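The values are calculated or read from the model by the stated rules, or taken from the named source; none is laboratory data. What you see is a predicted model, and the numbers here were worked out from it, not measured in a lab. Cβ atoms come from the backbone with ideal geometry, glycine included; neighbour counts cover every protein chain shown. Heavy atoms of the whole protein, side chains included, go into the accessibility calculation; ligands, DNA and RNA do not. Shrake-Rupley method; radii C 1.70, N 1.55, O 1.52, S 1.80 Å.
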Amino acid sequence: MNARPAADLGPDFDPEALREFLADHLGRSIASLEIRATEGGMSNPTYFVDADGWRAVLRKQPRMQLAKSAHAIDREFRVLKALAASDVAVPEAYHYHADPDLLGTPFYLMEWLEGRVYTAYAMPGLSAPDRSRAYASMCETMAKIHRLDFSALGLADYGRPGNYFERQISRWSQLWSQYRKSDDDNPDLDRMIAWLQKRVPASELIALCHGDFRIGNMMFHPTEPRVVGVLDWELSTLGHPLVDVAFNTQAWNMAPDENGGIMGEDAIALGIPSEEDYLERYYAHAGSTERLTDFHRVFAMFRGAVGSAGVAVRGELGNSTLPDSARVGRFLAHAYAGRGMRIAERGGL
């Protein structure tokens, strides 16, 4: 698993406690234990663990939770276990430990995959043909998730009934009220909420949704341009699949310094498909009967903005695995909100 390690960031728990747990779990003593934090996640602390050559990834809740429903690693573990019986590529889930006494919070262990993680949609280092194939694999992986029979996988109760968008707008608006610094902080975000509340669509479409389907949450094969693992299922639920699609295609509406977008890049030279071609590939593979609209795009930007504001607050409270998360979170919250309002304005307010 080649997500970037952050060697200077030690674990937020006692390594000896983990050593004792692993010795009991593996049935042998542990002479050498290496724990490395990753830089990739901005929400749940994630660590590479090597115990005498036995390797795993440990993912846990942060010690301070800003929202009761956030950092739901028990749900992550559950969905990973369920997806083991599907054709969606995910790491194997090994063990969930609910008792916070051991490492300060609940945690789980999962398979350490070998591969490449890209934080930028330009996927630096790939040839144009490989980049094109990697985009096709990412798109088809998303469609596989949405085609799943979630009831057959034991996930029929993985989401709440009722209008998905109404519930989500209410929930994330409440989070924004908690995260904002002042009443005049990020007015574009407030405008997005008002715009969305007036345009909630009536749709019965429901699927298992990843919730944060962006390129940084995918592991690509070490040498081949294909997805070998979908990571970070914290926000997964039963919901409207076009939210995943909108979040994934934000790349075409965001600049490179805005979560690795490709706006302004020479997409043709890079081998990156147009947004329209990418969407047509998704519709064909997902069998989608609905099409992406600006409502879905603005909704995805809204969630991205609120989520980034939460990252900033955790950074300001010293509760983040990223050393610059306060600044990055605030910057991205404004970037998402600004881009979202530009999409809203092009269709008329």
First in the range 172-192 and closer than 17 Å to residue 315 by Cβ, second anywhere and modelled with pLDDT under 95 and part of a loop (DSSP other than H, G, I, E, B), Cβ under 6 Å, 6 or more apart: 175/67
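For every residue, the table says whether it meets (1) crowded, with 20+ Cβ neighbours inside 10 Å; (2) among the β-branched types (Val, Ile, Thr); (3) under 30 Å from residue 130 (Cβ atoms).
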| residue | (1), (2), (3) |
| --- | --- |
| 239 | yes, no, no |
| 251 | yes, no, yes |
| 266 | no, no, yes |
| 281 | no, no, yes |
| 290 | no, no, no |
| 338 | no, no, no |
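Okay, residues lined up against (1) open to solvent by less than 40 Å² (accessible area, probe 1.4 Å); (2) modelled with pLDDT under 95; (3) under 18 Å from residue 118 (Cα atoms):
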site	(1), (2), (3)
188	no, no, no
193	yes, no, no
222	no, no, yes
228	yes, no, yes
254	yes, no, yes
Can you confirm whether the range 277-289 contains a residue that is within 21 Å of residue 120 (Cβ to Cβ), free of Cβ contacts under 8 Å to residues at least 40 places away in the same chain and part of a loop (DSSP other than H, G, I, E, B)? no
State yes or no: is residue 315 buried (at least 18 other Cβ atoms within 10 Å of the Cβ), modelled with pLDDT under 95 and in a helix (DSSP H, G or I)? yes
Kindly check whether there is at least one residue in the range 89-97 that is modelled with pLDDT under 95 and surrounded by fewer than 19 Cβ atoms within 10 Å (Cβ to Cβ). no
Scan the range 132-161 for residues that are open to solvent by 60 Å² or more (accessible area, probe 1.4 Å), closer than 14 Å to residue 239 by Cα and outside any helix (DSSP H, G or I) and jot them down. 149, 151, 156, 157, 160, 161
